[in-house]
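Have a look at this one before I ask anything.
The values are calculated or read from the model by the stated rules, or taken from the named source; none is laboratory data. Source: prediction; values computed, not measured. When we count neighbours, we look across all protein chains shown, and the Cβ atoms used for this are built from the backbone with ideal geometry, even at glycine. Protein only, heavy atoms only, side chains kept; ligands, DNA and RNA dropped before computing areas. Shrake-Rupley method; radii C 1.70, N 1.55, O 1.52, S 1.80 Å.
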Amino acid sequence: MKRIGMLTSGGDCQALNAAMRGVVKTLYNSEEQVEIYGFKDGYRGLIYSKFQMLTGKDFSGILTKGGTILGTSRTPFKTIQDPDENGLNKVEAMKQNYYKLQLDCLVVLGGNGTHKTANLLSKEGLNVITLPKTIDNDLWGTDMTFGFQSAVDIATDAIDYIHTTAASHSRVFIVEVMGHKVGWLTLNAGMASGADIILIPEIPYDIKKVVEKIEDRNKRGSGFTIIAVAEGAISKDDAKLSKKEYKKKLEKMTHPSVSYELAEAIQKKTGIEVRVTVPGHMQRGGSPCPYDRVFASRLGAEAGKLILDNQYGFMVGYKNREVVRVPLEDVAGKLKAVSPDASIVKEAKLLGICFGD
């Protein structure tokens with residue numbers, strides 16, 4: 001008999017259910033007797049012993065369902081070792097609940113912060129296997145995360161829809177795409193939708209270069225410009241500030257986000273009408289695209305195999321089109337950012353896309 005705990009942590013995304021289904025179907029299709037314990041609302045469920053026993057029926061019909069049947073929450077790693085408001089040691093509580101249920105393994109689905117905590121639990125002696133979910137595609141050790149492609153599809157659709165109205169009114173349109181620290185989502189959606197300018201956190205932009213691109217398009221007879229902006233995009237001037245100084249600036253900022261600040265600057269310098277569209281959490285929602293359904297199922301199947309093989313302390317990743325096992329300690333605390341010298345950036349520039357640099 002194998003007793004498996006499972007939780008989904010951090011921001012939700014598409015294909016979480018598909019990945020869990022992949023794990024469970026693999027285990028049930030083996031000759032091993034299995035019990036599945038689902039912890040509610042991420043690490044909170046493991047801390048406060050909020051769980052339910054699940055059967056194969058609970059994972060039936062969820063391949064196409066977005067969100068997570070277990071619920072999720074954000075439990076910041078930086079405070080995970082601090083006592084809660086009642087003085088409870090959260091790490092010790094998670095360990096005690098793991099042992100109380102006599103679990104053989106804890107399967108954790110999540111992003112960067114989730115993996116830091118998962119690695120901590122692994123170092124504390126728990127058997128842990130993780131699966132890489134995030135629409136940001138910023139997890140170290142894997143070429144792809146599930147949820148990313150679905151989010152790209154949604155962000156691309158949003159920018160596609162903007163094209164017709166932007167052309168009709170000869171306006172500059174800014175579409176703000178999710179991504180505070182990395183620009184993979186904005187970069188891919190921007191290229192897929194034919195955006196003229198793409199601004200991402202890893203490549204600080206010069207407003208003069210952005211304006212030059214807009215004016216050049218106008219001179220060539222293109223009366224509109226589409227700008228895909230990551231929510232964490234930053235100007236060259238702001239990039240020179242220290243983290244503390246930049247944080248203070250954000251606190252004092254009167255604009256809702258960097259996109260609105262950028263829109264105001266462009267409008268002042270060009271006199272052209274600028275509109276901002278923010279798809280927001282739409283990018284996390286809805287059914288997973290076919291790619292993510294297959295991809296998450298493959299990762300889930302490999303996680304199930306790891307459990308059957310009694311191999312723990314790994315994230316199931318994806319490298320060079322193959323599913324791989326990556327040591328958790330190699331993943332935790334590392335961010336996979338877009339390199340300004342990456343081939344995809346160079347190719348985008350060959351297509352005439354401006355990055356403001």
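Any chance you could look up the accessible area of PHE148 with a 1.4 Å probe, heavy atoms only, rounded to 10 Å²?
It works out to around 10 Å².
Say a paramagnetic label sat at a point 7 Å from the Cα of GLN267, along Cα to Cβ; which residues of the stretch 224-247 have their backbone N under 18 Å from it?
In the stretch 224-247, the label zone of GLN267 (backbone N under 18 Å from the point 7 Å along Cα→Cβ) covers 224-229.
Only Cα pairs within less than 10 Å get springs; with that Gaussian network setup on the chain, which residue of LEU139, LEU199, LEU306 has the largest fluctuation?
Judging by the Gaussian network model, the answer is LEU306.
With a 1.4 Å probe and every protein chain kept in, tell me what percent of the accessible surface of the chain is carbon plus sulfur.
Looking at the chain in its full context, I get 48 percent from C and S.
Next up: Hey, which aspartates and glutamates would be in cross-link range of LYS95, C-alpha to C-alpha under 18 Å, not counting anything within fewer than 8 residues on its own chain?
Cross-link targets: ASP41, ASP82, ASP84, ASP104, GLU124.
Long-range amide H contacts for VAL276: which residues qualify at under 5 Å (H placed 1.01 Å from N, peptide plane, sequence gap of 5 or more or a different chain)?
Sorted by chain and number, the residues that satisfy this are ILE174.
Further, regarding this structure: Quick one: order MET282, MET253, MET6 from most to least accessible surface, probe 1.4 Å.
Most to least solvent-accessible, the answer reads MET282, MET253, MET6.
How tilted is helix 207-219 with respect to the longest principal axis of the chain? Cα atoms for both, answer in degrees (0 to 90, nearest 10).
On a 0 to 90 degree scale, this one is about 60.
Now, a different point. Which of the lysines could a cross-linker span from LYS243 if the Cα-Cα distance has to be under 27 Å and same-chain partners fewer than 8 positions apart are dropped?
Straight-line reach from LYS243, under 27 Å: LYS78, LYS116, LYS181, LYS208, LYS209, LYS252, LYS334, LYS336.
Here's another thing I want to ask about it. What is the Cα radius of gyration of the stretch 223-305 over 2.2 N^0.38 Å, N being its residue count?
Output field value: 1.63.
Given the stretch 49-196, report the % of alpha carbon pairs whose separation exceeds 18 Å.
Here the tail beyond 18 Å accounts for 68 percent of pairs.
Give me the accessible area per residue for the chain, probe 1.4 Å, as a whole number in Å².
For the chain, the per-residue accessible area is 45 Å².
May I pose another question? Using the basic label-point model (7 angstrom from Cα toward the beta carbon), what is the LYS2 to ASN218 distance in nanometres?
6.3 nm
Please determine, in degrees from 0 to 90 and to the nearest 10, the orientation of helix 258-270 with respect to the longest principal axis defined by the Cα atoms of the chain, where the helix direction is its Cα long axis.
On a 0 to 90 degree scale, this one is about 10.
Something else now. Would you look at the GNM of the chain, springs on alpha carbons closer than 10 Å, and say which of TYR98, TYR161, TYR318 moves the most?
Looking only at TYR98, TYR161, TYR318, the biggest GNM fluctuation is shown by TYR161.
Separate question: Rounded to whole Å, give me the distance from the Cα center of the stretch 297-321 to that of the stretch 192-213.
38 Å
Residue separation times 0.36 nm, minus the C-alpha to C-alpha distance between TYR161 and GLU92: what's the value?
19.8 nm
Let me ask you something else. Over the chain, with a Gaussian network built from C-alpha contacts below 10 Å, which listed residue (LYS346, LYS95, LYS305) shows the highest mean-square fluctuation?
Largest GNM mean-square fluctuation: LYS346.
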